[in-house]
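To start, the structure itself, in structure tokens.
The values are calculated or read from the model by the stated rules, or taken from the named source; none is laboratory data. What you see is a predicted model, and the numbers here were worked out from it, not measured in a lab. Cβ sites come from the backbone with ideal geometry, for glycine too, and all protein chains shown count toward neighbours. Side chains are part of the model used for accessible areas, which takes the heavy atoms of the whole protein and leaves out ligands, DNA and RNA. Shrake-Rupley method; radii C 1.70, N 1.55, O 1.52, S 1.80 Å.
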Amino acid sequence: MRRIAVATLLAVCALLSWPTAAQQRATTVPYFPERFDWQHKRPDEVGMNAALVAQAVQAATGSEMTTPRDLTIAQATSFGRDEPFDTIIGPMKPRGPASGLIVHRGFIVAEWGEPLRVDMTHSVSKTFLTTVVGLAWQRGLIRDLNDYPRDYMPPGVDLFEAEHNQKIRWEHLLRQTSDWQGTLWGKPDWADRPEGKTAADWPNRPLREPGTHFKYNDVRVNALALAALHVWRRPLPDVLRQEVMEPIGASSTWRWYGYENSWVELDGQKIQSVAGGGHWGGGMFINAYDMARFGYLFLRNGTWKDRPIVSEKWIAMARTPGPANSTYGFANWYLNTERKPLPAGPASAVRFVGNGNNVIYIDWENDLVIVTRWATGVNDIVGKTIASLGTTATSASR
């Protein structure tokens, strides 16, 4: 009798279109793409307005950067124009067209340009770097972010031996508030976005107490990369590949480069210390799909399927602004504090940003990941995508 009653109840549920427990689980368990098989859905299949999604794509393709596609020229005629020591010492390649994709509820609903093209991603490299540092912290290789990195360096490595640098903590390096002073790979810290009224002022920049002043500086990020290498005692691309990119099903086409002179001897082996951006070449070269997988990992709070990869505690810290910059967490987590940096998105959204408007946009409220490359209209792209969702958590919270 009990079996008949259960069978009858299931039949009635089916007739009335009531979801069974299995159906409920199917709707709540998020979709994760397999390697080489990221499912696409039409916008209307996931509750989006197709016309507005098309407008978002048009906003992306219609706002391609006007700078030269030859990035050596683009950099030499932009920030490199006003900087000494601007010689390129790492790999570079011409960029592709405006490209990207939109992911909602885990499914690709739109793509444009050449998303399979492997391009430089510039300072999005910093987010890969800080993630690798986070993995070291998770493993206990770094005990506490308030520790001094100098205590983790082997004999003969004087990254933090100078009196000013001894005060630097891991937290400061992660937030770009270290004020690290020195020369690394032939690039003095002061030569990156130099301060002062005249060139004679540049080498004599004011020194700030570590942790009190935010300064975007690739030399200091590269010091973090070298410090992390000495902690892991393994090439950081190998760590990233094994711990993150393989588990999330990324392709084999991405590469993380250092400089021609950033080789060190570690445990009897020659290892290249990677770059945290493409300022002087190098950094992360990657396609838009792999960027989106990386962003989707964080959208799902650091877990891929049933495998925890990046701890939620680390993500929470990365999303927390530091005292010196209310719109910046760990590098390169750009926060949308009070919705001022990106008015179209919710205050909780974040972006991983690199030069050329390489952007991974992550929006937990709207279950969105957007990758856009080589386009200027990021706010417009995000705004039209969110508008395509209709009544959302974002619109309700405004």
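Of interest is the spacing of the C-alpha centroids, which for segment 87-104 and segment 137-188 amounts to 30 Å. Note on surface exposure: Tyr334, Tyr361 rank Tyr334, Tyr361 by accessible area, highest first, 1.4 Å probe. What pairs in Lys167/Lys305; Lys187/Lys305; Lys93/Lys305; Lys313/Lys340 have C-alpha atoms more than 32 Å from each other? Listed pairs above 32 Å: Lys167/Lys305; Lys187/Lys305; Lys93/Lys305. Share of the chain's accessible area from carbon and sulfur, percent, 1.4 Å? Carbon and sulfur atoms account for 53 percent of the accessible area of the chain. Counting only residues at least eight positions apart within a chain, or on another chain, the aspartates and glutamates with an alpha carbon under 12 Å from that of Lys126 are Asp218.
Largest first, the residues Glu365, Glu209, Glu312 sort by 1.4 Å accessible area into Glu312, Glu209, Glu365. If only the Cβ of Lys and Arg carry +1 and only the Cβ of Asp and Glu carry -1, the dipole of segment 160-304 around its Cα centre is close to 300 debye. Its DSSP H runs of at least 4 residues, each contributing -39,500 (n - 2.57), put the calculated 222 nm mean residue ellipticity of the chain at -8500 deg cm²/dmol, to the nearest 500.
Note on exposure: Lys340, Lys305 ranked by accessible area (1.4 Å probe, complete protein assembly) read Lys340, Lys305, with the most exposed listed first.
Please state the shape class of the chain: rounded when a/c is under 1.5, otherwise prolate if a/b exceeds b/c and oblate if not, all from the C-alpha gyration tensor. Judged from the Cα gyration tensor, the chain comes out prolate (a/c at least 1.5, a/b above b/c).
The tail of the calculated P(r) for segment 195-333, taken as Cα-Cα distances beyond 23 Å, holds 48 percent of the pairs. Peptides 370-377, 346-353, ordered by how many other C-beta atoms sit within 10 Å of their residues on average, highest first, read 370-377, 346-353. Projecting the Cα atoms of Ala200, Trp112, His164 onto the charge dipole of segment 98-238 (Cβ charges, centred on the Cα centre) puts Trp112 farthest toward the positive pole. With protein chains left intact and a 1.4 Å probe, residues in segment 310-380 average 32 Å² of accessible area per residue.
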